[in-house]
């Protein structure tokens, strides 16, 4: 989700999350670790309780560092290739929660360089820069701490990170890059360097870096973990989420190239209604009669899954909806109405906060406490 | 010579300069073009008369642009991997002459990034930065116009060129980069991007760029010429020199990894004497008697060739020496004494100018007329 599509595989078919843990060699986020995280955070988080975040690397070490006073920092990012949709917001909300509970720094990379270099996107650098601005507003609207958050755009911040980019790049040869990222002879030489640029922010502090991101971004961190210690840094830790399913069906993740599969943050209420009513994949029965009799299947029902994964924080309410729907007492249309209401409430608040973000963007990018410090530094 | 060893082949054996023209598909620098260049310059240059510069691409178009008022600009560079030797100075002297005669801007790139990325060199970034400073002093000592010259170091200037680097990188795929520069699977991903960084300064102005450089750098400009027009710029023009032979023999070019093969700009007079006496490859006969009888061969005699190619500007003097030596009247020892005197005179003046350069380096890099303009620009 974060940083977009330079991942080794594209999410298209149904996702086998257990297989991903095995394939990537990550750890399952078990009950004990979740409990410890929540105990240190001082509160529980519904995305942890519901296993939306379900896999990790070295989260145990992050918590140990925190307990023992060494601290940690958070890093995430966004590939500014177009408007953001609801699915893009999950890691930002979860990152913001971690920041608030642990009072740690957050670094957010806007990869305007990468999204220009990806040829299939046909975006000019002017366009990826404009999307960097637009996306930054959406990200700021999530409520990050302006003193502890630095949002940086690659084409602007490159001089400060370039020495570290060179040091990382020198450690990664073409063979590794091809194996991990699937580059071919037709890949341009800019994209081939790019992994180094995405890895560098994991070295912004000597503390351990924790990355909340969808699991498809893991290959970057695998390369990071291979080279970090030889550069005098810690291996990056990660906490991996599942994908929020596209509106159109419980497969893969939402895609910006299929507008009907996503609700954009800029969609007005009537568009939200139309999209949900027209495209939302339902786990209900073909007729109301059959539905009353047989009940719906919330496990494949996208409106229910969106509520469960992101939009309905209240456990008892989400379980009530699940039971009503499964029993057939709640019809598909009623469930969709609940989703439409929740989405539009979310977007209404988002629109307000996004307006306020226009006043804050320079704080996050240039003159906030952390931002100012970062502009005075060269990452070496 | 310029930018060092990311060239597709290394100069080791005897150089067949005619073959290089054919292989690279460049043009021979013929009498008419030399005459036109000298006529526009308002004076002749011994390196042109003696065909030290012997090949070109589009020099005729550069002169046409100049005649018709469109102007041109000059670009050269240096890979700061260690101390500079006499052979490194040829393109800088020639470039300085062109600047003085045509009153044009000169851009000089110091590739501290590239020399760090080249693994065989085992240089830290701190070292390539220190060599950038040291080499810049040597380059400034040549006498460039501080108002019309910009010396820039990649790790410092990267933000200003990064958008253009991305645009170039997007046009060059791995297949081309491998074919032209010989990258392999063990090449690091930083070096793979590097050609884009060396190409970008050819786009510093909309005018035509003329690059005086040894012919082994031509592959970079071939890639530039393939993509320039699609980015709205002119194809780079080049004027190619032969290599000044190593002291130790008339083959290939001087190498920093064989210290006896080169005279460094920092060599004191007694070291110059020892190196010339001990290592200079001679075209003379085994004994003075034989030499008097059979004469020497100036064509393979390195002391003569150094005088001819670089150190003795006076045609009648150089021809007198050639004739004296060929006839056997001048012995090898006498010829070596002439060279030692010339080298030490050159280095004596160089040392003085290099001291003065310490006061000028900030002008060339940051606050001279052209430098200031360039720091305010982003190359897009």
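The values are calculated or read from the model by the stated rules, or taken from the named source; none is laboratory data. Small disclaimer: the values here were computed from a predicted structure and weren't measured. No Cβ is skipped: glycine too gets one built from the backbone with ideal geometry, and neighbour counts run over all protein chains shown.
Points worth noting:
- Residue within the stretch A:212-220 that is crowded, with 21+ Cβ neighbours inside 10 Å, more than 14 Å from chain B (Cβ to nearest Cβ) and farther than 27 Å from residue A:134 by Cβ present: yes
A quick yes/no check of all residues on (1) touching a helix residue (DSSP H, G or I) at 6+ places or on another chain (Cβ under 8 Å); (2) more than 8 Å from chain B (Cβ to nearest Cβ):
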| site | (1), (2) |
| --- | --- |
| A:177 | yes, no |
| A:189 | yes, no |
| A:202 | yes, yes |
| A:232 | no, yes |
| A:236 | yes, yes |
| A:241 | yes, yes |
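- Considering residues of the stretch B:286-306 that are touching a helix residue (DSSP H, G or I) at 6+ places or on another chain (Cβ under 6 Å) and assigned to a loop (DSSP other than H, G, I, E, B) only, the residue surrounded by the fewest Cβ atoms within 10 Å (Cβ to Cβ): B:295
- Of all residues in the stretch B:39-63, those being free of Cβ contacts under 8 Å to residues at least 12 places away in the same chain and either under 24 Å from residue B:223 (Cβ atoms) or touching a helix residue (DSSP H, G or I) at 6+ places or on another chain (Cβ under 6 Å) (or both) number 1.
- Test: residue in the stretch B:245-259 that is more than 30 Å from residue B:162 (Cα to Cα), modelled with pLDDT under 95 and not in a loop (DSSP other than H, G, I, E, B): yes
- For the stretch B:312-330, residues that are in contact with a helix residue (DSSP H, G or I) (Cβ under 6 Å, 6 or more places away or on another chain), farther than 16 Å from residue B:52 by Cβ and not in a helix (DSSP H, G or I) total 2.
- With respect to the conditions (1) at positive phi; (2) buried (at least 21 other Cβ atoms within 10 Å of the Cβ), residue A:204 falls short on a single one, namely (1).
- Among (1) closer than 24 Å to residue B:87 by Cβ; (2) modelled with pLDDT of 95 or more - the single one residue B:293 does not satisfy: (1)
- The set of residues in the stretch A:275-298 being under 24 Å from residue A:89 (Cα atoms) and in contact (Cβ under 8 Å) with a residue 24 or more places away in the chain consists of A:275, A:276, A:277, A:279, A:280, A:281, A:282, A:298.
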